[in-house]
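Student: Before I ask anything, here is the structure I am working with.
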Ligand code: F6R
């Protein structure tokens, strides 16, 4: 969604703001703007479209000030346009905002009735008017005026506010939208996500809901004062982020997505590090953030997630049932609120979210806790909203994922869920030490097997070239191969804009088989995972309707190779592995296939149209 950067320093602010915004491009946006204090005034530059348009506008009107705010907007209220781009201005005040002001209609009517003329269709402009009015009414300081304005609004927000009346101050506030503060050497920066501040500093403070930060320059001194909106002082020591700036860059790959696909072996190593005790055949409890007693006090595991994370959750369900023998269910985050779901204290809800900020998943977490359920978050972003709203958090440690289409976050979620299932199974006595050891050991081999699987990148590009004209694709899988098929189809849809459906292989004859003809590539996920014989039979059914087979199987599987050759299909393989972990590998060729199709088509791989990385609206 939208991105915010705010800077107080001694060097020109606008290059820092634009560089920070560039690091937030992955969040999705359709316009951008900056406001900088300049010679007693506020200079504002905004542009529709990519940041290069803002760059061009800034090149025509360079800004010299050293205190400023910047924003990338992903339209929610009002179409993408320069007038709707942030910052929004009222009197001496400029505001950037991420989130949604829920009572915007009532406030707009009230302000219009008292003579305010709006320059945009946005909910954000309301905040600018409220702050400006509070100043005019004698609030006494920008900090006091922002506090007064926040007392009027409800909803989700992260805001950064400037006022001509205080040229050395930025006031920030947040509720339900992320905001992180960076403490640099003689400068302060804030942003909606870590990559935007890494080239300035690695020392960060995560603002919590209901908190404000007042960044102030007094001569050569820089101060960041934290307080709650209701006025209590907050003291929080900075945390050091170990993501290097280079980690947030493309590292020589053409796109972030490709880099992130190739980073998966390292990401899985980081996810596993320090969490597996091979001698005991167990997972280290402290890492899960849940007390052991929960394992035996629950009757059900209820996964909630959206999109790719929901596919990972579906795999989690298979593992929890198979290894821990606990009934498990998966619900899409956006549907929970329409289900009137029944949660009880005997439920363990697992909220899976790479960003940790997805509004639908967060709402489900709140509903679950209200029903008395315990909640475990599986998330990638430290201290994000979902882990904070949960009883425990199991972080995936994949590092920043910049490509909008999730890849390394997906496979690290799979690894985290398999570890969780082992932890649960061991505590419930349903998983023997020997079996646990063999599953965990298989997991430790995944990074090296992934490295081997990723060596096929060039041949998968050729495969993508052969199927580039496809208008529709079908992905089939059985067992955990089913969520992998769903994930493969989602990746193709998202970035190459080819219509693709994922189906349980057993469902093929209940409908989608009608779609198959000689123009339809059908990807069949059929490694040696215990379901091979049945899934392989789908190959013949597809070929009988002249579909073009792309089989994803196990390297060295002669039977599959012969079958695929007989049906004139394509074969992609992954190295042999234990059945429990094989689908951490089968998804890799599907990610690569979607990537190369998109790249060959020339789409905007890292920022596909209409998509946002972090979906903080309903
Ligand atoms: C697809 C993708 C999305 C997200 C979904 C949930 O590639 O990334 O489907 O998985 O928007 O996001 P998180 O995991 O942040 O809750």
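The values are calculated or read from the model by the stated rules, or taken from the named source; none is laboratory data. Owing to the predicted nature of the structure, the values given are computational and were not obtained by experimental measurement. Note that we place each Cβ from the backbone using ideal geometry, even for glycine, and neighbour counts take in every protein chain shown.
Student: Of 66, 10, which residue is buried (at least 16 other Cβ atoms within 10 Å of the Cβ), within 27 Å of residue 185 (Cα to Cα) and over 22 Å from the mean Cα position of the chain (by Cα)?
Tutor: Numbers: 10 fails: buried (at least 16 other Cβ atoms within 10 Å of the Cβ).
Step by step, each of 66, 10 is checked, and only 66 is buried (at least 16 other Cβ atoms within 10 Å of the Cβ), within 27 Å of residue 185 (Cα to Cα) and over 22 Å from the mean Cα position of the chain (by Cα).
Student: So, one more: Going through segment 52-85 one residue at a time, which ones are in a loop (DSSP other than H, G, I, E, B) and in contact with a helix residue (DSSP H, G or I) (Cβ under 6 Å, 6 or more places away or on another chain)?
Tutor: Restricting attention to segment 52-85, the residues satisfying the condition of being in a loop (DSSP other than H, G, I, E, B) are 61-66, 74-85.
Result: 63, 65, 66.
Student: Further, regarding this structure: What do you reckon, is residue 374 farther than 16 Å from residue 310 by Cα, surrounded by fewer than 24 Cβ atoms within 10 Å (Cβ to Cβ), more than 10 Å from the ligand (Cβ to nearest atom) and touching a residue at least 40 places away in the same chain (Cβ under 8 Å)?
Tutor: It is true that residue 374 is farther than 16 Å from residue 310 by Cα, surrounded by fewer than 24 Cβ atoms within 10 Å (Cβ to Cβ), more than 10 Å from the ligand (Cβ to nearest atom) and touching a residue at least 40 places away in the same chain (Cβ under 8 Å).
Student: What about residue 43, is it in contact with a helix residue (DSSP H, G or I) (Cβ under 6 Å, 6 or more places away or on another chain), in a strand (DSSP E or B) and surrounded by fewer than 24 Cβ atoms within 10 Å (Cβ to Cβ)?
Tutor: When the stated conditions are applied, residue 43 does not pass them.
Student: So, one more: (1) surrounded by fewer than 18 Cβ atoms within 10 Å (Cβ to Cβ); (2) in contact with a strand residue (DSSP E or B) (Cβ under 9 Å, 6 or more places away or on another chain); (3) under 27 Å from residue 455 (Cα atoms): which one isn't true of residue 566, the others all being true?
Tutor: So the condition that residue 566 fails would be (2).
Student: Then there is this: Given the conditions (1) within 30 Å of residue 173 (Cβ to Cβ); (2) within 16 Å of the ligand (Cβ to nearest atom), and given that residue 241 satisfies all but one, which numbered condition is not satisfied?
Tutor: For residue 241, the failing item is (2).
Student: Restricting to segment 128-185, name every residue that is outside any strand (DSSP E or B) and on the phi > 0 side of the Ramachandran plot.
Tutor: 138, 140
Student: Inside segment 216-226, can you point out the residues that are assigned to a strand (DSSP E or B) and either outside the structural domain of residue 10 (by TED's automatic domain parsing) or farther than 23 Å from residue 357 by Cβ (or both)?
Tutor: Keep residues of segment 216-226 that are assigned to a strand (DSSP E or B), which gives 216-218, 221-226.
Within segment 216-226, 216, 217, 218, 221, 222, 223, 225 meet the criteria.
Student: Quick test of your reading of the structure: residue 556 fulfils all but one of (1) at pLDDT 95 or above; (2) more than 16 Å from the ligand (Cβ to nearest atom); (3) at negative phi. Name the failing condition by number.
Tutor: Condition not satisfied by residue 556: (3).
Student: With respect to the numbered conditions (1) buried (at least 18 other Cβ atoms within 10 Å of the Cβ); (2) over 14 Å from residue 568 (Cα atoms), which one is the sole condition not fulfilled by residue 499?
Tutor: So the condition that residue 499 fails would be (1).
Student: Applying the selection to segment 355-369, what residues are outside any loop (DSSP other than H, G, I, E, B) and surrounded by 24 or more Cβ atoms within 10 Å (Cβ to Cβ)?
Tutor: Those that are outside any loop (DSSP other than H, G, I, E, B) and surrounded by 24 or more Cβ atoms within 10 Å (Cβ to Cβ): 361, 362, 364, 365, 368.
Student: Further, regarding this structure: Every residue in segment 331-347 that is in contact (Cβ under 8 Å) with a residue 12 or more places away in the chain and over 23 Å from the mean Cα position of the chain (by Cα), please.
Tutor: Residues satisfying the conditions are 341, 342, 343, 344, 345, 346, 347.
Student: Given (1) outside any helix (DSSP H, G or I); (2) away from the ligand (no atom under 16 Å from the Cβ), identify the lone condition not met by residue 500.
Tutor: Exception for residue 500: condition (2).
Student: What number of residues within segment 440-497 are assigned to a helix (DSSP H, G or I), within 21 Å of residue 418 (Cβ to Cβ), more than 16 Å from the ligand (Cβ to nearest atom) and within 26 Å of the chain's Cα centre (by Cα)?
Tutor: So the answer is 12.
Student: So which pairs qualify, if the first residue must be in segment 485-500 and assigned by TED's automatic domain parsing to the domain that holds residue 525, the second must be in a loop (DSSP other than H, G, I, E, B) and within 11 Å of the ligand (Cβ to nearest atom), the Cβ gap must be under 6 Å, and the two must be at least 6 apart or on different chains?
Tutor: Every condition considered, the pairs that remain are 491/405; 494/405; 494/608; 495/405; 495/608.
Student: Of the numbered conditions (1) assigned by TED's automatic domain parsing to the domain that holds residue 486; (2) out of contact with any helix residue (DSSP H, G or I) (no Cβ under 6 Å at 6 or more places or on another chain); (3) touching a residue at least 24 places away in the same chain (Cβ under 8 Å), residue 464 satisfies every one except a single condition; which is it?
Tutor: Condition not satisfied by residue 464: (2).
Student: Here is a follow-up. Go through segment 431-461 and report how many residues are within 17 Å of residue 575 (Cα to Cα) and either touching a residue at least 24 places away in the same chain (Cβ under 8 Å) or surrounded by 20 or more Cβ atoms within 10 Å (Cβ to Cβ) (or both).
Tutor: Count: 19.
Student: Right, another one. Going by what's in this entry, would residue 383 be described as in contact with a strand residue (DSSP E or B) (Cβ under 8 Å, 6 or more places away or on another chain), at pLDDT below 95, closer than 28 Å to residue 74 by Cβ and more than 11 Å from the ligand (Cβ to nearest atom)?
Tutor: For residue 383, the condition - in contact with a strand residue (DSSP E or B) (Cβ under 8 Å, 6 or more places away or on another chain), at pLDDT below 95, closer than 28 Å to residue 74 by Cβ and more than 11 Å from the ligand (Cβ to nearest atom) - is met.
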